[in-house]
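Below you'll find the structure, written out as structure tokens, and then a few comments.
What follows draws every value from the coordinates through simple rules; no lab data is involved. Computed from a predicted model, the values in this text were never measured in an experiment. Don't worry about glycine lacking a Cβ; one is built from the backbone with ideal geometry, like all the others, and counts go over all protein chains shown.
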Amino acid sequence: MPRTVLVVDDSKLARMVACKALAKIHPDWACVEAGDATQAMAALQAQDVDISLIDLNMPGDGGLVLAADLRRKRPNMPIAVVTANIQDEIIARVRELGATFVPKPLTEEALSAFLTGASLRLRKVAQ
Amino acid sequence: MQISDIERDAVAEIANIAVGRAAASLRQIVGHEVLLSVPSVDILTQEEASHVVAKPGNRALIAVCQNFDGPFSGRALLIFPETNSLQLVRAILGQELPLEDIVDLEDEALAETGNIILNSFVATMANVFKRGLTMSLPTVLRGDGSQLFAGAAGEKELVLFLYINFEISQKEIHGYLALLMDIPSLEMLRTLVQDFLDTVAPKGAGQ
């Protein structure tokens, strides 16, 4: 079933890349963009969001803070933290939050793998 | 010379990706997490760029510098306040070495570390753009901002200046990764940004 994906990144280019890749993988899914954590929380209030893709390094609250907030509000939401920062500490913190680490530059293959897992998880939760 | 918002955004985002990889290399070398700021991108004269790094208290700087050349060319630098240099070398080589050995090995350790980090930084940018860049050997420079940037371009010449603050946790070591790119490269950059978008989602796909 079609899902709504929230893409949070301070870079417009990175949001374009993510939304274009998403449109290619799942043309019927919706992509909602947010430029920072505040906009992301507002978007979450304004509409139903099923899945989130969050950049790590953003001005204001970074991706890990936002992912933790989202996790508290939406315990079952599949969340990916997208970053080129492949330091062990970062990967460990992403996993502690129950989120998925997806490397940047974002490839269609990596996004597709995450979305497949996310769909399964959502279906399981709905049962 | 103007840079559009999307071009600034693209350079910052690609630098963000590149510096993430570079930070992971530095983390492996020093064994501590490396904290990064959000990158800043500006078109400045070389002189103005040197003022950005030469903030009060940052007069005596030490830098590892590598020039790169290809579809776009410029200079990549790993910059520290000189007061941090020995601490960094100690973090790289281990605590057990006596101070005189550390002083002896300072330039060599900095050049080698800089080489790994700057290569990781520039090579990731080159990979994102799917273009090859050649890199010069690393050199260690000491001085203020203007001395570090000298020769990258004329003093009044505009450069695309990108810098990121980093900090090594538990070590009180901080520094900058900086990149000065020649303005004639900017036209090429516009083409590469479009190519970058196309590789992820070809034109017309799911628009």
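How large is the convex hull of the C-alpha atoms of chain B per residue, in Å³?
Expressed per residue, the convex hull around the Cα atoms of chain B is 117 Å³.
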Original post:
Using the 10 angstrom Cβ neighbour count as an exposure proxy, how do B:Phe121, B:Phe166, B:Phe161 rank, fewest first?
Top reply: B:Phe166, B:Phe161, B:Phe121
Original post:
Which Cα, out of B:Val53, B:His32, B:Pro71, lies furthest along the positive dipole direction of region B:17-94 (beta carbon charges, K/R +1, D/E -1)?
Top reply: B:His32
Subject >> Magnitude of the charge dipole, the protein assembly as shown, Cβ model with Lys/Arg +1 and Asp/Glu -1, debye to 20 >> reply: 1480
**OP:** Please report, in cubic angstrom per residue, the volume enclosed by the convex hull of the alpha-carbon atoms of region B:1-104.
**Re:** 140
Original post:
Can you list the HN-Hα couplings for region A:17-25, worked out from phi with the Karplus curve (6.51, -1.76, 1.60; θ = phi - 60°), rounded to whole Hz and with x for Gly and Pro?
Top reply: 4, 5, 5, 5, 5, 4, 4, 6, 6
Original post:
When the dipole is taken about the Cα centre of region A:4-126, and only Lys, Arg (+1) and Asp, Glu (-1) are charged at their Cβ, what size is it in debye, to the nearest 20?
Top reply: 360
Subject >> Extension gain (nm, one decimal) between A:Gln45 and A:Thr4, 0.36 nm per residue minus Cα-Cα >> reply: 13.4 nm
Subject >> Relative exposure of B:Cys65, A:Cys31, judged by other C-beta atoms within 10 Å (fewest first) >> reply: A:Cys31, B:Cys65
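Need one value for B:19-29: mean number of C-beta atoms belonging to other chains within 10 Å of its residues' C-beta atoms.
Partner Cβ neighbours, averaged per residue: 4.
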Subject >> Cα shape, region A:4-126, gyration tensor, a/c 1.5 rule >> reply: rounded
Subject >> Near-label residues of region A:37-73 by backbone N, under 17 Å of a point 7 Å along Cα→Cβ of B:Val52 >> reply: A:59
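Within 10 Å of each Cβ in A:16-25, how many Cβ atoms from other chains are there, averaged over the peptide?
Partner Cβ neighbours, averaged per residue: 5.
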**OP:** Rank-order A:118-124, A:77-83 by packing density, defined as the average count of other C-beta atoms within 10 Å over each peptide's residues, highest first.
**Re:** A:77-83, A:118-124
**OP:** Could you size up the charge dipole of region B:44-184 around its Cα centre, putting +1 on the beta carbon of Lys and Arg and -1 on that of Asp and Glu, and report it in debye to the nearest 20?
**Re:** 580
Subject >> Dimensions (Å) - the protein assembly as shown, Cα atoms, principal axes, largest first >> reply: 67, 47, 32
Original post:
Roughly what % of DSSP beta bridges within the protein assembly as shown run antiparallel, to the nearest 5?
Top reply: 70
Subject >> Ranking of B:Glu155, B:Glu13 by count of other Cβ atoms within 10 Å, fewest first >> reply: B:Glu155, B:Glu13
Subject >> Local electrostatic count at A:Leu6 - Lys and Arg +1, Asp and Glu -1, tallied over other residues with Cβ under 9 Å >> reply: -2
